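The values are calculated or read from the model by the stated rules, or taken from the named source; none is laboratory data. Because the structure is a prediction, the values reported are computed rather than measured. Note: ideal-geometry Cβ built from the backbone for every residue, glycine included; neighbour counts use all protein chains shown. Remember, those area values only see protein heavy atoms, side chains included, never the ligands or the DNA or RNA. Shrake-Rupley method; radii C 1.70, N 1.55, O 1.52, S 1.80 Å.
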Amino acid sequence: MDAVGPGALRGNTVPGCPQRDLPCPSDSSELVQECLQKFKVTGAQLRQIQASLLASMEQALKGQASSTSAVRMLPTYVGSTPHGTEQGDFVVLELGATGASLRVLWVTLTGTAEVGMEPQSQEFVIPQEVMLGPGEQLFDFASRCLSEFLDTLPLGKQGLRLGFNFSFPCHQTGLDRSTLISWTKGFKCSGVEGQDVVQMLRDAIQRQGAYSIDVVAVVNDTVGTMMGCEPGVGPCEIGLIVDTGTNACYMEEARYVAVLDEDRGRVCVSVEWGSFSDDQALGPVLTTFDHALDHQSLNPGAQRFEKMIGGLYLGELVRLVLAHLAEHGVLFGGCTSSTLLSQGSILLQHVAEMESSPAGAACAQAVLQDLGLSVGASDAKLVQQVCVAVCTRAAQLCAAALAAVLSRLQHSREQQTLQIAVATGGGVFEQLPRYWEHTPVSKSRFLSILQDTVMLLAPECDVSFIPSVDGGGRGVAMVTAVAARLAAHRRLLEETLAPFRLSREQLAAVQTQMREAMAKGLRGEASSLRMLPTYVRATPDGSERGNFLALDLGGTNFRVLLVRVAAGGVQITNQVYSIPECVAQGSGQQLFDHIVDCIVDFQQKQGLSGQSLPLGFTFSFPCKQVGLDQGILLNWTKGFKASGCEGQDVVCLLREAIGRRQAVELNVVAIVNDTVGTMMSCGYEDPRCEVGLIVGTGTNACYMEELQNVAGVAGDSGHMCINMEWGAFGDDGSLDMFSTCFDARVDQASINPGKQRFEKMISGMYLGEIVRHVLLHLTSLGVLFRGQQTQRLQTRDIFKTKFLSEIESDSLALRQVRAILEDLGLPLTTDDALMVLEVCQAVSQRAAQLCGAGVAAVVEKIRENRGLEELSVSVGVDGTLYKLHPHFSTLVAATVQELAPRCVVTFLQSEDGSGKGAALVTAVACRLAQQTHV
Ligand code: 0WK
Ligand code: BGC
Ligand code: BGC
């Protein structure tokens, strides 16, 4: 007589089996249907969930995640799906993907899509107390498993590269930096949330001390699954995991990920949909069983969506339903068992067995008996129905979430229809029963419901599901290979840029050397600093008056200016003229005739023809002056090479050119260097301005020196402005220890090799070339542009120094880099762009610091000249690089502060250039001349 018949239910009193009035058969099926009904989710509800999840995704992408109930949308720093060229051997450590187990794999990537080596692996069960204990204990356990596995392989103990598959929500700040946000899925170790889990693993491996393992990358399991997609069938652009937990990642357009400040390319985003729990959408489908499960879970209130789908919870949901139905006398004759009432006693595999048809009912019998239950004939069928209901809902909810991701992809790619491959992984796909549905291969029922529901919710998307081959081990190895490549590239980049990173000690050494060279130059001894007297003895005192012509030659532009100096201030009218390279490098006569042509053109335009105004000539090249209007050109610099000028008095050359031009009369009164013109121009506004600095095409400085310190100039009281010609500093080899191979290449390719060494490390004419040579070097190492050398990048002067200023401007960094480099025809990735930015920063930072060390030497000289404890002085500055580069001036000032702390230095950017200064020098000369004639 079978005890399980309804009659039987009534007869005996088994423990946990209250003798109370059992519901009549009709009520019981109602109760069952009512229960099963609770797990039914309507199409409308699924669409509501899809829509609400999509909204939550888009909010989070904008960085406006509303609350903890939102999805997180975490960027993973994986910017591209694999291109199959990755190769090498990698260790993969998987933690958290499959619940209370940890897996270690040895993966060999062959770099060819076809030939995939089967990974070797070993699984370790994680003891409960380790999953709930101190974080250090968990990571020590992991590193012990690592060693145990590696001990089984014929491997060396050194140089192993590891990819860490860590399947929990993390804020990643790099491929190998990841902070745990919160534990999920049965883990609750202390002291880990908010910590960098890569560092914790590195520390544990260090403590273990058995192997030297470089943890190169940390990857979420969804990313590993997506990246592990069989090359032939992929690339997969979505990774979907339904294992103990559930989550998905997908390739989002980088410009939509607010935290990234990147506007091109794609980035893999881990959705972390497990935390989705919008009451509006989920409220109606959450059952009392879900609330009960959540209430007793390790993280009540969190991961509500996951707790309806993840394999860790499906068994528990079934148990809660069965316990409920048993307690209401509908099942097992109203009897329960301590096992049935114990949390976690029904596992995913139990559900899988009981759900499968036709064997499901028989399995259910066995499973339920193991749970100490007496199972009636109909019980097993009912239990199977409960399993099917719970799993069907899980698959449908998962489909709604996936449909939200598909909608997001349609949005971000502005595509109406979408064809996409989804890599799937996880025990729920693998364990839940499979069946043959007019296909030769079996397919899990979970996947089939998921597919059908996705087709319902996203009909315009053609989705193919690609089961991951090895749970993402290969995918993690792929990401690790990419990370290893990037880490290797980073090391090579740092090695290449290290010589540009000057320490405080090195900069102080430059300052000291410059002081020594200044002293030698002033004494007229051999020195790379010529310290040229300029015969400018005073800065303007504001009493200057009159109209003056001024020429400004030597910078980016040649300018002719009319400068009216009156009581009310200075008025300037100027015209820019170009100096073609053929003129700058032609004959001196041709150059000066071109200058006079411009003057005549200017005079005509300004109605000054026939007037002989006093003229000040800013001539920005090293000249030995023997008077205010006599300057012997020592040598050309900055791309000028006109013949027959070096060693000549350029004022004479100008006067001869004027002479060659009929009916032009000009009274050349003064020749000044652009540093002097700039100092005078700024000195007109601020009498404390006693230093002139140019950082433009070339670089140089002048300052007011005590006349007694200037050998070769009569007089020992008062001051004289000294043109340092610091561009030539180091031409005696004194800077060689700071010079790099790239500086040497720029110098060798210049029209004045061995000359102007300091200038060639600082000024605008050369910085772009230094960067270009560094980029060529990094390309030859394969670090940049996938090692592809392009003709364009091998072209001299193609990388303009103004690119540095544009690229380094804070606001548009990456966008600017790409636009510029793409114009140069360079195929670049995001990482390339970031590296080019770093190269520019290193080169311009060194230039600014060297310039700062020079200014520190000058102001300290003035302070010591005057025996002052503290000096307050202003520096007049001009030059395109100094004015346009976003950080140059700040770095110069910071370096001066560091190296000359007893000098308060104010940098005054010259508004009107040195032409005004030349006119003021001329005005002073004219005033002094009048005074001597009075
Ligand atoms: C503007 C001055 C000019 C100087 C130039 C330097 O008026 O004398 O030579 O700045 O800057 P660059 O034009 O070489 O950038
Ligand atoms: C974690 C995810 C993970 C998913 C699947 C969730 O609990 O938060 O990071 O991808 O489980 O393992
Ligand atoms: C010249 C200097 C000039 C500087 C800035 C250098 O090449 O030698 O005379 O002051 O460039 O223009």
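Inside region 117-146, residues that are more than 34 Å from the chain's Cα centre (by Cα) and among the polar types (S, T, N, Q) make up a count of 4. For the structure I just gave you, tell me whether Leu781 is in contact (Cβ under 8 Å) with a residue 12 or more places away in the chain, open to solvent by less than 10 Å² (accessible area, probe 1.4 Å) and either aliphatic (A, V, I, L, M) or within 16 Å of ligand 2 (Cβ to nearest atom) (or both). Answer is no for this residue. Just one residue in the set Arg515, Arg564, Arg537, Arg559 is under 30 Å from Ala744 (Cβ atoms) and either basic (Lys, Arg) or outside any strand (DSSP E or B) (or both); that residue is Arg515. Is at least one residue of region 73-81 open to solvent by 40 Å² or more (accessible area, probe 1.4 Å), out of contact with any Phe, Trp or Tyr (no Cβ under 6 Å at 6 or more places or on another chain) and at pLDDT 90 or above? No, every residue in region 73-81 fails to be open to solvent by 40 Å² or more (accessible area, probe 1.4 Å), out of contact with any Phe, Trp or Tyr (no Cβ under 6 Å at 6 or more places or on another chain) and at pLDDT 90 or above.
Out of all the residues in region 731-746, which are at negative phi and not in a helix (DSSP H, G or I)? Answer for region 731-746, where residues must be at negative phi and not in a helix (DSSP H, G or I): Asp731, Asp732, Ser734, Leu735, Ser739, Thr740.
If I go through region 875-934 residue by residue, how many of them are away from ligand 1 (no atom under 13 Å from the Cβ), outside any helix (DSSP H, G or I) and more than 24 Å from Asn865 (Cβ to Cβ)? Residues flagged as away from ligand 1 (no atom under 13 Å from the Cβ), outside any helix (DSSP H, G or I) and more than 24 Å from Asn865 (Cβ to Cβ) within region 875-934 amount to 3. For region 564-587, the criterion of being under 19 Å from Ser681 (Cβ atoms) and open to solvent by less than 30 Å² (accessible area, probe 1.4 Å) is met by at least one residue.
Set side by side, the residues Leu804, Leu850 differ, and just one is more than 16 Å from ligand 1 (Cβ to nearest atom) and either polar (S, T, N, Q) or assigned to a helix (DSSP H, G or I) (or both), which is Leu850.
Collect the residues in region 656-672 that are open to solvent by 10 Å² or more (accessible area, probe 1.4 Å), touching a strand residue (DSSP E or B) at 6+ places or on another chain (Cβ under 6 Å) and either aliphatic (A, V, I, L, M) or at pLDDT 90 or above (or both), keeping them in residue-number order. Within region 656-672, Leu666, Val669 qualify.
Of the residues in region 889-904, none is within 16 Å of ligand 3 (Cβ to nearest atom), modelled with pLDDT under 95 and open to solvent by less than 10 Å² (accessible area, probe 1.4 Å).
Only one of the numbered conditions (1) surrounded by 23 or more Cβ atoms within 10 Å (Cβ to Cβ); (2) under 30 Å from Thr829 (Cβ atoms); (3) at pLDDT 90 or above is not met by Val463, and that is (1).
Would you confirm whether any residue within region 541-551 is over 20 Å from Arg757 (Cα atoms), in contact with a Cys (Cβ under 7 Å, 6 or more places away or on another chain) and not in a loop (DSSP other than H, G, I, E, B)? Yes; the residues of region 541-551 include at least one that is over 20 Å from Arg757 (Cα atoms), in contact with a Cys (Cβ under 7 Å, 6 or more places away or on another chain) and not in a loop (DSSP other than H, G, I, E, B). Scanning region 641-651 for residues that are part of a loop (DSSP other than H, G, I, E, B) and open to solvent by 10 Å² or more (accessible area, probe 1.4 Å), we see that the one that is nearest to ligand 1 (Cβ to nearest atom) is Lys641. Scanning region 747-767 for residues that are among the hydroxyl-bearing types (Ser, Thr, Tyr) and not in a helix (DSSP H, G or I), we see that the one that is most open to solvent (accessible area, probe 1.4 Å) is Ser750. Is it true that some residue in region 826-834 is over 30 Å from Thr539 (Cα atoms), open to solvent by 20 Å² or more (accessible area, probe 1.4 Å), not β-branched (Val, Ile, Thr) and not in a helix (DSSP H, G or I)? Within region 826-834, one or more residues are over 30 Å from Thr539 (Cα atoms), open to solvent by 20 Å² or more (accessible area, probe 1.4 Å), not β-branched (Val, Ile, Thr) and not in a helix (DSSP H, G or I).
Residue by residue, here is whether (1) away from ligand 3 (no atom under 16 Å from the Cβ); (2) at pLDDT 90 or above; (3) open to solvent by less than 30 Å² (accessible area, probe 1.4 Å) holds:
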position	(1), (2), (3)
Gly521	no, yes, yes
Glu525	yes, yes, no
Leu529	no, yes, yes
Pro533	no, yes, yes
Arg537	yes, no, no
Gly542	yes, no, no
Arg545	yes, no, no
Thr556	no, no, no
Arg559	no, yes, no
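Restricting attention to region 146-186 and to residues that are without any contact (Cβ under 8 Å) to a residue 60 or more places away in the chain and open to solvent by less than 30 Å² (accessible area, probe 1.4 Å), the residue that is farthest from Ala258 (Cα to Cα) turns out to be Leu153.
No other residue among Ala323, Ala366, Ala362, Ala394 is closer than 26 Å to His295 by Cα, surrounded by fewer than 23 Cβ atoms within 10 Å (Cβ to Cβ) and not polar (S, T, N, Q) apart from Ala323.
Which of the residues belonging to region 655-671 are closer than 20 Å to Ala584 by Cβ and within 16 Å of ligand 1 (Cβ to nearest atom)? Within region 655-671, just Ile671 meets the criteria.
Do we have any residue at all in region 630-640 that's part of a loop (DSSP other than H, G, I, E, B), modelled with pLDDT under 95, surrounded by fewer than 17 Cβ atoms within 10 Å (Cβ to Cβ) and within 16 Å of ligand 1 (Cβ to nearest atom)? Yes, region 630-640 contains at least one residue that is part of a loop (DSSP other than H, G, I, E, B), modelled with pLDDT under 95, surrounded by fewer than 17 Cβ atoms within 10 Å (Cβ to Cβ) and within 16 Å of ligand 1 (Cβ to nearest atom). Scanning region 689-725 for residues that are open to solvent by 10 Å² or more (accessible area, probe 1.4 Å), away from ligand 1 (no atom under 16 Å from the Cβ) and within 30 Å of Ser805 (Cα to Cα) yields a single hit, Glu690. Note on region 878-934: residues that are of a type in the set (Asp, Glu) and either in contact with a Pro (Cβ under 7 Å, 6 or more places away or on another chain) or more than 28 Å from Arg537 (Cβ to Cβ) (or both) total 1. Any idea which of Glu685, Glu759, Glu706 is within 16 Å of ligand 3 (Cβ to nearest atom) and of a type in the set (D, E, K, R)? Result of the check over Glu685, Glu759, Glu706: Glu759.
Scanning region 358-416 for residues that are assigned to a loop (DSSP other than H, G, I, E, B) and either without any contact (Cβ under 8 Å) to a residue 12 or more places away in the chain or touching a Lys or Arg at 6+ places or on another chain (Cβ under 9 Å) (or both) yields Pro358, Ala359, Leu371, Glu414, Gln415.
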